[in-house]
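None of the figures in this text is laboratory data; all of them are computed from the coordinates on show. Keep in mind it's a predicted model, so treat the numbers as computed, not measured. Every residue, glycine as well, gets a Cβ built from its backbone with ideal geometry; the counts of neighbours run over all protein chains shown.
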Amino acid sequence: MVRCRHGHSSETPDFCDECGVPIEGAPPASATPSAGTPSAPPSPGATAAPAAPPSPPEFAGEVCPLCGTPRTGRFCEEDGHDFVVSGAAPAAAAPVPAAPPSAAPAAPAPAAPATGNGPPAESGWVLTVEADRRYYESVLAREGPDIGEVSFPNYYPRAEIPLAGAEVRVGRRRVHGSTPAPQVDLAGPPLDPGVSHLHAVLLPLPDADGAAGWSVLDPGSTNGTTINYSDEPIALDTVIPLREGDRVHVGAFTTLLLERR
C-alpha cells in the first residue's frame with residue numbers, strides 16, 4: 001500500500017487508484033497523465049469534482065445501500081450506485097459498514113481497453129471506443145491537468161459495444177474492491193488515467209421517431225466530459241441528449257462515437 005501526493009491509499013505503485021496521479025518515487029515506466037486533483041483550480045475544459053461535499057437538503061439522510069456514502073446526486077460518488085434505477089436507501093444515522101476484505105471478490109483479469117456486456121442492442125445503437133488524436137491535441141492546447149505527462153498511445157485497439165439496458169456506465173474498474181466494472185471499461189492497456197472510475201453514464205432516451213435513442217450524463221468526473229470537440233464540459237448530473245454521429249470525449253485521448261446500425 002502506498003500513498004499519493006493527495007493522501008489517497010493506493011494498491012497500485014505507479015498511479016493512484018483513486019485520483020490517478022503518479023506516485024512519487026515510482027519508476028517512469030510510461031508517460032501517462034494523472035486524472036487531475038480535485039483541490040487544484042480547474043484548467044479550461046476540465047471540471048474538478050469537490051471532495052466529499054455535504055448532502056444537499058433534498059437528499060438529507062439518504063445513504064448508498066452498497067457503501068453508506070451520503071447521497072449528493074443520482075449516482076453515489078464512491079461506487080456509482082444509481083439511486084434512480086436501483087432505488088434510494090432509507091435514511092440512516094450511520095454509514096453501512098463496508099464488507100471485510102475477505103468478502104471482496106478477486107480483481108477481474110486484465111481486459112481489452114473497453115468491453116461490452118450483455119446481448120446486442122435491439123435498437124442497433126453501437127458505441128465505438130477509440131484513441132482520438134484531434135481530441136488529444138485539443139486537451140494539449142487547453143493545458144489540461146498534468147497534460148504535460150500525456151503521451152498519445154502508439155496502439156489502441158478500437159472496440160465496438162452494443163448499447164442496451166437501463167444504463168451503460170463508462171469508466172475504469174478499481175484494482176481491488178467489490179464495485180462491478182463498468183460496461184465500457186477504460187482501464188486499458190493502454191490506460192487513459194484521465195478517466196474517472198465512474199466517468200459518464202449513457203441512458204436510453206426516446207427520440208422524435210419513437211425509436212430508442214441515448215443520452216449522456218456526467219455524475220461528477222474529475223476531468224469532465226465534452227461532446228463533439230467542444231472546449232466546454234457538459235454540466236454535472238445533467239442528462240444531455242445525443243444524436244447519431246455524436247462524439248463523447250473523456251480522459252486525455254478517449255472518444256466514444258455513437259452510431260446506429
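The residues neighbouring ALA235, those whose beta-carbon lies less than 14 Å from its own, together hold a net charge of -2 under the Lys/Arg +1, Asp/Glu -1 convention. Residue-normalised convex hull volume from the C-alpha trace of the stretch 125-260: 108 Å³ per residue.
Using the Cβ-Cβ distance between ARG261 and SER151 with R0 = 30 Å, the FRET efficiency computed as 1/(1 + (r/R0)^6) comes to roughly 0.35. The order of HIS199, HIS249, HIS8, going from fewest to most other C-beta atoms within 10 Å of their C-beta, is HIS8, HIS249, HIS199.
Just add up the charged neighbours of THR128: K/R +1, D/E -1, any other residue whose Cβ is under 14 Å from the Cβ of THR128.
Details: positive: ARG158, ARG247, ARG260, ARG261; negative: GLU130, ASP132, GLU160, GLU244, ASP246, GLU259.
Net local charge, THR128 excluded: -2.
Based on other C-beta atoms within 10 Å, arrange SER221, SER10, SER138, SER230 from fewest to most.
So the ranking, lowest neighbour count to highest, is SER230, SER138, SER10, SER221.
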